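Here is the structure we will look at, set down as structure tokens.
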Amino acid sequence: NHGTKMVPWVGVAARVPYANVGGDAGELETAITPRRDAGKGGDVDNNLDGRAFCFLPLPIRTGLPVHVNGYFELSSNRRDIWYGGDMSGAGAARSSWNVALMADALAPCYARVIVAVARRLGPGQQLYGLLPSLDTPQPWSHLVSALYQQHLGTLPIVWTRAGGGRWISPTETLFSDAACAAEPLLRNL
């Protein structure tokens, strides 16, 4: 609807360890090495409880391992985003906007972040720790569903040593039971 003046402005921020690029500029980005204290507590939080932002921080925890920023329709006190299936009229339009913003704008943005982290840091806990749980609470589950169903399946986010080593998409992958046991989020791909 062109008269609503809603802009699909979004961003996703992920905490990744600092990395140094070694060698000459022609080397692959997988030459980047993570910080020594990554994954050992310290100032690195591998269990980030993501927050929502609408240009400014909102008092909302998303249950995602990333922070999300979007031009959400907010309640008048800026404490919640409009959401609910039982709304009508303008409230339903606002709720629909927020769901569409998550599924159609935030999900592809989130997927691009995961691909960028894969290329920058290589396979490992820093990458797969960015994959959201399927039991993410409403309304953020719309983002998670769209991410897994429409975006991650075709993106090169799985590292294989086959063929000299390369990134492939989950649709080209057959995960072993042992790999899924070691990294349960792989089952979602």
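Observations, loosely collected:
- Screening the range 2-25 for residues that are part of a loop (DSSP other than H, G, I, E, B), β-branched (V, I, T) and at pLDDT 60 or above and picking the one that is surrounded by the fewest Cβ atoms within 10 Å (Cβ to Cβ) gives V7.
- When L130 is tested against (1) surrounded by fewer than 20 Cβ atoms within 10 Å (Cβ to Cβ); (2) at pLDDT 90 or above; (3) part of a loop (DSSP other than H, G, I, E, B), only condition (1) is not met.
- Scanning the range 40-91 for residues that are among the basic types (K, R) and modelled with pLDDT of 75 or more yields R51, R61, R78, R79.
- Which numbered condition S95 fails, given (1) touching a Gly at 6+ places or on another chain (Cβ under 7 Å); (2) part of a loop (DSSP other than H, G, I, E, B); (3) surrounded by 16 or more Cβ atoms within 10 Å (Cβ to Cβ); (4) of a type outside the set (A, V, I, L, M): (2)
- Within the set P139, P156, the sole residue that is part of a loop (DSSP other than H, G, I, E, B), touching a residue at least 40 places away in the same chain (Cβ under 8 Å) and within 24 Å of I81 (Cα to Cα) turns out to be P139.
- For V117, the stated conditions do not hold, so it cannot be described as hydrophobic (A, V, I, L, M, F, W, C), within 24 Å of P184 (Cα to Cα), touching a helix residue (DSSP H, G or I) at 6+ places or on another chain (Cβ under 9 Å) and in a strand (DSSP E or B).
- Considering the range 58-92, the residues that are among the small types (G, A, S) and under 21 Å from S145 (Cα atoms) include one that is surrounded by the fewest Cβ atoms within 10 Å (Cβ to Cβ), namely G85.
The values are calculated or read from the model by the stated rules, or taken from the named source; none is laboratory data. This is a predicted model, so every value here is computed, not measured. As a convention, Cβ positions derive from the backbone with ideal geometry for all residues, glycine included, and neighbour counts pool all protein chains shown.
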